[in-house]
Amino acid sequence: MSSSDLQRKKFDIVIFGASGFTGQYVVEEVARTIGQEKRTDGKPLTWAIAGRDMKRLQKVLATASRETGVNISELPIIIADVKSESSLNEMCQQATVIINCVGPYRFFGTPVVKACIENKAHHIDICGEPAWLEQIDLVYSGKAKEAGVYVLEACGFDSIPSEMGVVYTRQQFNGTLNSVECYISMKPGNDGGARLNFGTWQSAIYGISQSSELRTIRRQLHASHAELPKSKYRMTKRSVVFYSDLVRGWCLPFLGADKSIVYRTTVHNFEHRKQSPIEFQPYLRCGSLCSLICMMFAGIVFGLFTKCRLGRYILETYPRLMSFGYCSKTGPTRKQIATTSCRLTFLGLGSEKKSDGEAGVEEKPTKKITTSLVAPEPGYVTTPICVVQAAYVLLSEKDKLPQGGGVYTPGAAFCETSLLSRLQNHNIQFSVVDK
């Protein structure tokens, strides 16, 4: 995209789906921070919100003004609907960057990506649905490159913390990193803390239900990329359930998008940056054996119900019952959100010798490093911070992203930018625990 194309855009950022539960918090994060940013020509950034209902969008602005103390009640509003191609085109014609908060992306995401590419607007999502993410990469990466458009995927809690945690761990490791285990711990706040809104619940339902479809997409996607060399020193295989002394809790595999996103980043950086591959495995930490058993039971029930239409109907109709109170159509309260936090602990293993190329080092990994990321509530505080800072980086440091546009994961797009330090400056703290 040329500089003249950028100059013709009315708004630097448009938040689409601003009236959704997560969209509200993204609007508030932009309201708090956009005054700290400038365009590359030194002028203030301009922004707007978009959605299909004017009254709900006006209510979003009123709420954001009250919660942030920044009066944005007169902020421009764009009416756009995923069912109206012309309205999406009109929205994208006015925007340099679209932050797309409309999910589940399986149902509502693709028309927005298509409109962004056709109208030369960059697209950033907060999706955690692997099948949709990889389908977009498979179908639209070439088209995005031809248009000079960046489609940046999984820029919320799925999966910037994991991605930038791996980037940080690699930076701090003096040698060649072979593997990284990630342990995700939640610290519930007042009134039970950590809760989901209905949109996130729906995304989880259809993300899990797409496992067979995902295998087909993945075979096609992987066929278009180089095969990673396999080290003879593979990551230690854990039991499905195990106790970790590192995080002092019972753990089980984390079924979010993080593993697939980090893998795609590894493939890209192997092909384009000659980085030696790493293995990555995320786990979810449970505070007690009792909570582990409850979580496993809930997970089994959830997984079984996602396999058929009737089960998915029941999950969507009775979210509070089927999630054992974890999700509701009203979502968590602001008090629950404000008092919840999370920690990601990264255990890196590698060798002393530094790699001189993409093949890595065939030396037994005996050197360890432990790093951590401490962040606020993941869904509605950390996610807005991540996606908004990603948008600012895209606007100000496009020359540090892979050249020419395309579909990218956060680690592929942002590993050479200021995103990591920006997150540090916005309450997402990285540190070395043991080296």
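When Leu349 is tested against the conditions (1) closer than 22 Å to Val27 by Cβ; (2) in contact with a strand residue (DSSP E or B) (Cβ under 8 Å, 6 or more places away or on another chain), the lone failure is (1).
Can you say whether Thr382 is modelled with pLDDT of 95 or more and either part of a strand (DSSP E or B) or out of contact with any strand residue (DSSP E or B) (no Cβ under 9 Å at 6 or more places or on another chain) (or both), as far as the supplied structure shows? So Thr382 fails the test.
A residue that is surrounded by fewer than 21 Cβ atoms within 10 Å (Cβ to Cβ) and more than 18 Å from Cys327 (Cβ to Cβ) occurs somewhere in segment 291-302. Considered as a group, the residues in segment 200-249 that are more than 23 Å from Val267 (Cβ to Cβ) and among the polar types (S, T, N, Q) include one that is surrounded by the fewest Cβ atoms within 10 Å (Cβ to Cβ), and that residue is Ser239. Kindly provide the set of residues from segment 103-135 that are more than 23 Å from Gly404 (Cβ to Cβ), among the aliphatic types (A, V, I, L, M) and either modelled with pLDDT of 95 or more or not assigned by TED's automatic domain parsing to the domain that holds Phe21 (or both), ordered by number. Once the filter is applied, which keeps residues that are more than 23 Å from Gly404 (Cβ to Cβ), among the aliphatic types (A, V, I, L, M) and either modelled with pLDDT of 95 or more or not assigned by TED's automatic domain parsing to the domain that holds Phe21 (or both), segment 103-135 yields only Ile126. Of the helices (runs of 4 or more DSSP H) contained entirely in segment 224-339, those carrying at least 2 residues that are touching a residue at least 60 places away in the same chain (Cβ under 8 Å) and farther than 29 Å from Glu29 by Cα fall at 258-272, 289-305, 309-317. Given the condition closer than 22 Å to Cys92 by Cβ, touching a strand residue (DSSP E or B) at 6+ places or on another chain (Cβ under 7 Å), surrounded by fewer than 19 Cβ atoms within 10 Å (Cβ to Cβ) and assigned by TED's automatic domain parsing to the domain that holds Thr96, answer yes or no: does some residue in segment 21-42 qualify? Yes - at least one qualifying residue is present in segment 21-42. Within segment 397-416, the set of residues being assigned to a loop (DSSP other than H, G, I, E, B) and buried (at least 22 other Cβ atoms within 10 Å of the Cβ) comprises Gly405, Thr409, Cys415.
With the structure loaded, tell me whether Thr345 is surrounded by fewer than 24 Cβ atoms within 10 Å (Cβ to Cβ) and in the same structural domain as Lys232 (by TED's automatic domain parsing) or whether it fails that test. Judged against the criteria, Thr345 is a match. Entry remark, segment 396-412: residues being of a type outside the set (Ser, Thr, Tyr), touching a helix residue (DSSP H, G or I) at 6+ places or on another chain (Cβ under 9 Å) and touching a residue at least 24 places away in the same chain (Cβ under 8 Å) number 9 in total.
The values are calculated or read from the model by the stated rules, or taken from the named source; none is laboratory data. Keep in mind that what you see is a predicted model, and the values were worked out from it rather than measured. FYI the Cβ positions are ideal-geometry reconstructions off the backbone, even for glycines, and counts take in every protein chain you see.
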